[in-house]
Each structure stands twice: as C-alpha cells, then as structure tokens.
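The block underneath contains the structure these notes are about, expressed in structure tokens.
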Amino acid sequence: MRRNVIVVTGGAGFVGSNLVRRLLEDDADVRTIVFDRTVDDLAHALFVPFGDRVAIHLGDITSPESLAAVPGQDEITHVVHAAMAAHVPQWEIDDPTRFVNVNIVGTTNVLEWARQLPSLERFLYLSSGGVYGDATADSPEEPQPETGPFNPPELYAISKYTSELIAYRYGALFGLDVRAVRLSWVFGPMERVTSSRTLMSPPYAIARAIIDDRPVRVTRRSLSAVGDFLSSEDISQALCSLLGAVEPRHTCYNVAAGELTSISDLLDLVAAIHPSLRRTVVADGESADIDHDPALRRARWNAYAIERVRSEFDWEPRPLAEQLASYYAWVFEDAPARCPAIAPV
Ligand SMILES: NC(=O)c1ccc[n+]([C@@H]2O[C@H](COP(=O)([O-])OP(=O)(O)OC[C@H]3O[C@@H](n4cnc5c(N)ncnc54)[C@H](O)[C@@H]3O)[C@@H](O)[C@H]2O)c1
C-alpha cells in the first residue's frame, strides 16, 4: 500500500501546524512536508517528536522555483494549501498588492505546481468564512450555508474567494480532486502573531490577561457581540476526515462550531476554568483587549451551517467549554512561549 505524503503550505502557522501534528499522530505511515516561509521555535518544538516523518522546506509560494525545489515530489499524495496573508487593515492600505501576490498569485503557483505532481490524490484549499463577507439582503438569519451569498469586502476576503474559484477551475481543467473548507473564528493551540497574521482571537486576549494577572478589558458593546468559535484542534480532526475520505460528496465544507457564543458567555466559560479571570468593562471606543460590534450577526459573523461535515464525516465539535479547557491547559504549560504579549486593539 502506498504511504501518504502530505504537503502543507503554511504548515508552520496556526492552523497548518495543528493539522501536521494531527496527521502524524493519527497515522504512523503518514509523512508530511511543511512548506513555509519561516518556522519559529514553537513550530520546531511541535515537530521534533515526529523525527524525519516531518520534513521542513523553507520556501515562498510567490516563487514557482521554491515550489519546484520541494524534494520527493513523485511521492506527494496530498497538498493542503494554508499559506496566505490575513486581513490586517493597515496592510491593506500600506501594500494592497500583497493580497494579490501572496493569496491569488501564490495560490495559482501552488495549483500550477500541484497539477504536475504524478501521485497527487487531493488538493485541499483552506478558505475562510470571509468569503460570505458583509451581510446582504439575501444573507440568512439561520446558520450560513456553503451556498452563499458571497459578498467579500476587503482584499483578504476577495483574494480568498478568488482563490477558491481558481482552485475549482484548476480541478475542472486538469482533473484534480480539489476541495475547500471555510473556517469561522479560530482559536486554540499554536495561535500566535506570525508574519502573515496579527489579529488574535478573544480566547488569546483573555489568556494574556490571566498571564499578566490583570483584568481583561472589554468594551461594553462587545459583551453582547457574538462569534462562531472553533478550536484549531477540532478543525484538524475535520480536515483529516476530509483528506482521508474516498469520495467526498461536496467540493466545499464549512468547518465551524455551527452556533454563536456571546463574548459575555465566552468570558463566563473561561472564568469557570480559570476563576482568577477578572473583567473590566470600558466605554465603547476606549482601548481594550476585546472590542467587537454586536450588530455583526449575519454572513461571515453568523454561525455557519455544518450539516455537510457533520453528516458526512461523523464529525462533531467538542463542547466549547472543553475546547477552551484544552487550549488553556496547553497555554499554561509554558505561557510566555505559547501566548506572548500583544498590543491592545
Ligand atoms: N486563523 C483564523 O481565524 C482563520 C479563519 C478563517 C480562515 N483561516 C485560513 O486558515 C489558513 C491558515 O491561517 P492561519 O490562521 O494558520 O495563519 P498563520 O499566519 O498562523 O499561518 C500562515 C502561514 O503561512 C506562512 N506564509 C505566509 N506567506 C507565505 C508565503 N508567501 N510563502 C510560504 N509561506 C507563507 C506563514 O509563515 C505562516 O506560517 C489560511 O488560509 C486562512 O485564510 C484562518
């Protein structure tokens, strides 16, 4: 039987590194290749226990040459494409071309490279609920389904949607098995500021306050604001199921909790795990660790419909309290390294 060799672009990042670990833990015959621009100490430490089953290839998806230099290409069975530049408002102003070059051209480079791999079985694109974007008149009140509507506003979301369409087209043109997943609001182990993502999740901001032994500062409006929060650990499990499925029924899957949690409830859940957590509610507009608009409840800010992934792969997110407990257990094993300080919003 042929062994799976799985390349993960952005494999040293938040979502990618969790997936690499999960792939290696789940199947002793799997080998992975982490293709990333940079690999920090946290990612190195995660990969060390797996020895030579994880190969690190430093490269840039904007460079076809660095993709062509990946060793052992004839054996690669799966490509998971996670590398990108995330939405940061100032980056969009300072260098709008970055989103086109890294996210759209970079994705096309990865597809162009992948289509020539002789043993490739599946290409999985990590997309974002950002493609649902800002609510339109047609955006449902009930959980957001994979069928849209699509209304991506900023360059990040536009580039994610465009890349999805390009990936599907490559699938049709070249007979590639192309799948995409759209993630909601991710938190969990391995979240940290990277060269491509600087806006951290509320659970990260809460952990920082606990580490600093100070109250977490929350704007008043945020208490009733909501999000569909899912841990990187639960995401990895869903991605492994999709990678391993013989013939998935759908091209695209939401991977999310499927329900909304308010920031107030999120704080209560964390306080039940860490009773030392204190909160200070500040006026809207003041500097805070968490500030989110309660009016955002539809489209990308809605709960996502997860019937596809749930029914087909028998996947179920753990209760949020369990996901949070698992995340904080991981953080507090080595808090300074696993949850470094960030600037307030
Ligand atoms: N984190 C979230 O909340 C979230 C939500 C929705 C979707 N996603 C999607 O998940 C995927 C992974 O995001 P993440 O949260 O792990 O971000 P991340 O920044 O932690 O990881 C991205 C990785 O890509 C690498 N990278 C960036 N540009 C590169 C380039 N030009 N060449 C090679 N490597 C490059 C970075 O070094 C980093 O390790 C992305 O596709 C993102 O759109 C994430």
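The values are calculated or read from the model by the stated rules, or taken from the named source; none is laboratory data. Keep in mind that what you see is a predicted model, and the values were worked out from it rather than measured. Don't worry about glycine lacking a Cβ; one is built from the backbone with ideal geometry, like all the others, and counts go over all protein chains shown.
Annotations
- Filtered residues of the stretch 21-38 (kept if under 26 Å from ARG115 (Cβ atoms), out of contact with any helix residue (DSSP H, G or I) (no Cβ under 7 Å at 6 or more places or on another chain) and without any contact (Cβ under 8 Å) to a residue 60 or more places away in the chain): ASP27, ASP29, ILE33, PHE35, ASP36
- Filter result (under 21 Å from GLY130 (Cα atoms) and in contact with a strand residue (DSSP E or B) (Cβ under 6 Å, 6 or more places away or on another chain)) within the stretch 43-100: VAL80, HIS81, ALA82, ALA83, ALA86
- Filter result for PRO143 (more than 26 Å from ARG22 (Cβ to Cβ), touching a residue at least 12 places away in the same chain (Cβ under 8 Å) and more than 9 Å from the ligand (Cβ to nearest atom)): no
- Pick from the stretch 61-77, criterion in a helix (DSSP H, G or I) and of a type in the set (A, V, I, L, M, F, W, C), ranking: farthest from the ligand (Cβ to nearest atom): ALA68
- The lone exception for TYR125 - which of (1) part of a helix (DSSP H, G or I); (2) within 16 Å of the ligand (Cβ to nearest atom); (3) of a type outside the set (A, V, I, L, M) it fails: (1)
- Of all the listed residues (ARG217, ARG221, ARG197), the sole one being outside the structural domain of ALA114 (by TED's automatic domain parsing) and within 11 Å of the ligand (Cβ to nearest atom) is ARG197.
- Only one of SER63, SER17 that is of a type in the set (S, T, N, Q) and over 18 Å from the mean Cα position of the chain (by Cα): SER63
- Search result, residues across the stretch 201-227 that are assigned to a loop (DSSP other than H, G, I, E, B), under 25 Å from TRP91 (Cβ atoms) and in contact with a helix residue (DSSP H, G or I) (Cβ under 8 Å, 6 or more places away or on another chain): ALA225
- Residues of the stretch 156-194 that turn out to be part of a strand (DSSP E or B) and within 12 Å of the ligand (Cβ to nearest atom), as a count: 8
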